[in-house]
Amino acid sequence: MAKIIVEKLVKIFGGNPKKALKLLKDGYSKGEILKKTDQTVGIAGVSFDVDEGELFVLMGLSGSGKSTLIRCINRLVEPTSGSICIEGRRIEKMDEKELRRFRGKKIGMVFQHFALLPNRTVLENVALGLEIRGIPRDDRHKRSEESLKMVGLIDWKERYPKELSGGMKQRIGLARALAIDPDILLMDEPFSALDPLIRNEMQEELLNLQEEMKKTIIFVTHDLDEALRLGDRIAIMRDGRIEQIGTAEDILSNPANEYVAKFLQNVDATKVLTAENIAIKPRETLRETEGPRTAMRKMNASDSDYILVVGRDRILKGIVLMEDALELAEKRERDVRGIIKEADTIDSNVLIEDIYPIIGKSERCLAVINEDYKCLGVITRRSLISSLAEERGVL
Ligand SMILES: Nc1ncnc2c1ncn2[C@@H]1O[C@H](COP(=O)(O)OP(=O)(O)OP(=O)(O)O)[C@@H](O)[C@H]1O
Ligand SMILES: [Mg+2]
């Protein structure tokens, strides 16, 4: 379900948008409009939805309009035209008071650089947002402790900002935004100032947190690897427009135009695609109520000496081997239940680069499973290699 709906959003900087708007409608470029009117096109008319619980990434080069767009969502930047609708409420139509109340309850924001107050403890810094909202001391400290726990820094609550590393400071920023328990998080390059290792850690942590929180997040980055790793969907921006919106898979396998394709040239597929992305459908699967002869026939048909057993909703039950099925058939057993062995499995969200060492140890295939143990497909050594070859072709 769409939580945020942005329609035909335009932002012209310069205080005199009328002529610029007209030129924009007539198809003039950002550069031409600047020359003719001295107005800067920040956002040139974008429309998109963000679903409830989605982590939506805005990505693009410097100046493409990411910050302007994310700031229009809560009107830190006033849109020139177009609409922003959150849970059916029109943000651009709210008066000051309504807007303040709405922001205070619904929207948390995390920036690349934000000020921690040096003379206040970590806890007091986290509580700042609540303090501004007039929440009593005990209550705000309790809630801030909760959010410090979420980001793993509860032991630091009595310390001062100067004792923290850059990564920890960013976590404090996140904790501060989380303390108000907003439905929506707007994150503008929160990890960009961190060095690569810490940044990786933070990405991982955000994904873990998001599994629990299921917030609706708009996340800005100019880093494509970060976008592909984090985004449920990604919007690629250029000159105030959105060039393409899609999942990492969509965008990698089907770039909308030259510009996007060029962007993708330097991506290392093994670092962004997951087991789920490259899982193939097994030719045949077996039900545990089926018999050994059916199992053997299906294995023959798929030219294999094993077969995966799945239950209702494709829940993985295990694997049946040809030799066991043969033996069972001689005993005239009705079904294969007694010979199901544990299958080798891999979580659907494991990155390809981490699949190599695992598949090396597996004798047959890896069953790709999600958190409910549902079998999404299989990966074999051969399928792994050929899917990579294919990706290279694409990229
Ligand atoms: N306050 C402002 N006044 C005038 N022009 C602005 C203002 N803020 C942004 N712009 C212009 O709007 C365009 C989009 O800028 P924006 O900051 O949104 O880009 P960005 O994608 O966030 O870039 P970066 O990756 O550098 O943060 C740029 O051309 C910029 O010069
Ligand atoms: Mg920016």
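Of these, Leu58, Leu99, Leu123, which one is of a type outside the set (S, T, N, Q), within 11 Å of ligand 1 (Cβ to nearest atom) and assigned by TED's automatic domain parsing to the domain that holds Ile242? Let's see the steps before the verdict.
Details: Leu99 fails: within 11 Å of ligand 1 (Cβ to nearest atom); Leu123 fails: within 11 Å of ligand 1 (Cβ to nearest atom).
Exactly one residue qualifies, and that residue is Leu58.
Pick out the one residue from Met168, Met109, Met150 that is in contact with a strand residue (DSSP E or B) (Cβ under 9 Å, 6 or more places away or on another chain) and within 29 Å of His222 (Cα to Cα).
Working: Met168 fails: in contact with a strand residue (DSSP E or B) (Cβ under 9 Å, 6 or more places away or on another chain); Met150 fails: in contact with a strand residue (DSSP E or B) (Cβ under 9 Å, 6 or more places away or on another chain).
On inspection, the qualifying residue turns out to be Met109.
With the condition kept exactly as written, say whether any residue in region 212-226 is at positive phi, in the same structural domain as Phe114 (by TED's automatic domain parsing) and crowded, with 18+ Cβ neighbours inside 10 Å.
Looking only at region 212-226, we keep the residues that are at positive phi, and these are 214.
In the following step, the residues that additionally are in the same structural domain as Phe114 (by TED's automatic domain parsing) were identified as 214.
Still in the list and also crowded, with 18+ Cβ neighbours inside 10 Å: none.
No, every residue in region 212-226 fails to be at positive phi, in the same structural domain as Phe114 (by TED's automatic domain parsing) and crowded, with 18+ Cβ neighbours inside 10 Å.
Could you tell me which numbered condition Lys317 fails, if it satisfies all but one of (1) closer than 19 Å to Ala269 by Cβ; (2) part of a strand (DSSP E or B)?
(1)
Only one of these is within 28 Å of Lys8 (Cβ to Cβ) and assigned by TED's automatic domain parsing to the domain that holds Arg133: Ile180, Ile198, Ile234, Ile172. Name it.
Working: Ile180 fails: within 28 Å of Lys8 (Cβ to Cβ); Ile198 fails: within 28 Å of Lys8 (Cβ to Cβ); Ile172 fails: within 28 Å of Lys8 (Cβ to Cβ).
Among Ile180, Ile198, Ile234, Ile172, only Ile234 is within 28 Å of Lys8 (Cβ to Cβ) and assigned by TED's automatic domain parsing to the domain that holds Arg133.
What number goes with the only condition from (1) at pLDDT 90 or above; (2) within 16 Å of ligand 1 (Cβ to nearest atom) that Gln112 does not pass?
Looking at each condition in turn, Gln112 falls short on (1).
Restricting to region 338-384, name every residue that is part of a helix (DSSP H, G or I) and either touching a Ser or Thr at 6+ places or on another chain (Cβ under 8 Å) or within 18 Å of Lys281 (Cβ to Cβ) (or both). Talk me through it step by step, then tell me what you get.
At the first step, the residues of region 338-384 found to be part of a helix (DSSP H, G or I) are 338-339, 352-361, 381-384.
Passing the criteria: Ile352, Glu353, Ile355, Ile359, Arg381, Arg382, Ser383, Leu384.
Only one of (1) over 27 Å from Thr221 (Cα atoms); (2) touching a residue at least 12 places away in the same chain (Cβ under 8 Å) fails for Leu117. Which number is that?
Looking at each condition in turn, Leu117 falls short on (1).
Out of everything in region 76-96 that is within 14 Å of ligand 1 (Cβ to nearest atom) and surrounded by fewer than 20 Cβ atoms within 10 Å (Cβ to Cβ), what residue ends up being farthest from the chain's Cα centre (by Cα)?
Applying the first criterion (within 14 Å of ligand 1 (Cβ to nearest atom)) to region 76-96 yields 76-80.
Of the ones still in play, those that are also surrounded by fewer than 20 Cβ atoms within 10 Å (Cβ to Cβ) are 76-78.
Numbers: Leu76: 24, Val77: 25, Glu78: 27 Å.
Selected residue: Glu78.
Name, by its number, the condition in (1) in contact (Cβ under 8 Å) with a residue 24 or more places away in the chain; (2) farther than 30 Å from Arg229 by Cβ; (3) exposed (fewer than 15 other Cβ atoms within 10 Å of the Cβ) that does not hold for Ser302.
Result: Ser302 passes all but (1).
The values are calculated or read from the model by the stated rules, or taken from the named source; none is laboratory data. All values reported here derive from a predicted model rather than from experimental measurement. Every residue, glycine among them, receives a Cβ derived from its backbone with ideal geometry; neighbour counts consider all protein chains shown.
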